[in-house]
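Heads up: the structure comes next, in structure tokens.
The values are calculated or read from the model by the stated rules, or taken from the named source; none is laboratory data. Keep in mind that this is a model prediction, so the values were computed, not measured. Neighbour counts are summed over all protein chains in view; Cβ atoms, including those assigned to glycine, are modelled from backbone coordinates with ideal geometry.
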Amino acid sequence: MPRPRKQQISLDATPYYHCTSRCVRRAFLCGLDALTGNDYEHRRQWVEDRIVFLGEVFCIDICAYAVMSNHHHLVLHINAAEAHTLSDLEVAKRWHTLYKGTPLTQAFVKGGPLDDAQRQAVKEKLDQWRLELASISRFMWALNEPIARRANAEDHCTGRFWESRFKSQALLDEKALAACMAYVDLNPVRAKMATTPESSEHTSIKRRIEALKVAHTHHPIRIHIQKLSRLQSKTHARCQSSRIEKKTGLRELRSHFPLTPHPAINPTFLEPRERLDSSEIQKNQIFHAKNKR
């Protein structure tokens with residue numbers, strides 16, 4: 001029998017996880033359906049907006065994401081330390097941005113009078129919500145369920161929108177994290193939905209690149225990003241023929257662009273509070289992990 005998600009996630013092992021959800025029957029319910037001709041591209045923006053919103057509410061950092069035509073990818077970091085440092089009032093306010101809460105928690109937020117028994121009931125409820133705000137299962141439910149309802153309302157139908165519950169994969173070390181983030185960032189390029197990372201819509205890599213262009217308009221890093229994008233496109237085209245060519249192309253790409261992190265650049269989208277040390281990221285380069293496959 002399948003194992004519950006709570007048994008598959010262990011913060012003692014790693015706080016980083018790769019999560020995916022796919023549309024029912026792999027239908028292009030978030031893109032252009034070649035069979036019916038219906039265009040659902042606007043739903044990809046729904047998913048992206050929801051991801052960004054939930055990243056501000058939950059104690060979960062969005063390291064990378066990519067919204068495709070019939071599925072989406074997320075690399076998440078569970079920030080348990082932030083959840084424990086939140087005050088009871090902050091927990092209640094965050095939860096109320098998603099759900100109505102209870103009459104007692106609403107009175108607590110408004111500063112209304114509460115007796116000892118009511119305060120105890122509120123305390124127990126807030127302790128439960130504190131755990132939920134650092135839960136990947138709750139995060140994915142809060143992401144997928146409203147999208148399914150909205151899409152079904154648009155299509156005037158009922159039933160499943162996502163084929164099943166989300167799938168998750170633990171990222172146990174820096175090498176796995178770097179390789180997974182590279183896979184997510186380059187997924188639209190690999191699927192031929194875009195030619196370069198900066199042209200791939202509804203992805204975290206495009207947001208990061210656009211932010212860098214604004215913050216470092218005259219900085220050499222802009223040239224490096226453009227160079228990386230061109231080399232990635234050339235390497236991707238050359239790597240389709242054989243595994244040997246793939247390794248050769250990745251070594252060439254790595255030699256041209258060592259991916260040395262700039263101190264002013266945040267390696268993640270929503271700036272996680274616990275980042276990997278830059279020297280460790282350098283030692284475990286994205287393409288070094290792929291070369292060993």
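Before moving on, here are some points about what is shown:
- Checking every residue in the range 128-141 against the condition of being hydrophobic (A, V, I, L, M, F, W, C) and touching a Ser or Thr at 6+ places or on another chain (Cβ under 8 Å) gives at least one match.
Residues checked against (1) closer than 27 Å to T102 by Cβ; (2) buried (at least 21 other Cβ atoms within 10 Å of the Cβ); (3) in contact (Cβ under 8 Å) with a residue 24 or more places away in the chain; (4) not assigned by TED's automatic domain parsing to the domain that holds N152:
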site: R22; (1), (2), (3), (4): no, no, yes, no
site: A27; (1), (2), (3), (4): no, no, yes, no
site: D33; (1), (2), (3), (4): no, no, no, no
site: D39; (1), (2), (3), (4): no, no, no, no
site: H42; (1), (2), (3), (4): no, no, no, no
site: F53; (1), (2), (3), (4): yes, no, no, no
site: I62; (1), (2), (3), (4): no, yes, yes, no
site: M68; (1), (2), (3), (4): no, yes, yes, no
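- Within the range 115-171, being in a loop (DSSP other than H, G, I, E, B), farther than 25 Å from L104 by Cβ and of a type outside the set (G, A, S) holds for H156, C157, T158, R160, F161, E163, R165, F166, L171.
- Of all the residues in the range 168-194, those that are among the small types (G, A, S), touching a helix residue (DSSP H, G or I) at 6+ places or on another chain (Cβ under 6 Å) and under 15 Å from A66 (Cβ atoms) number 3.
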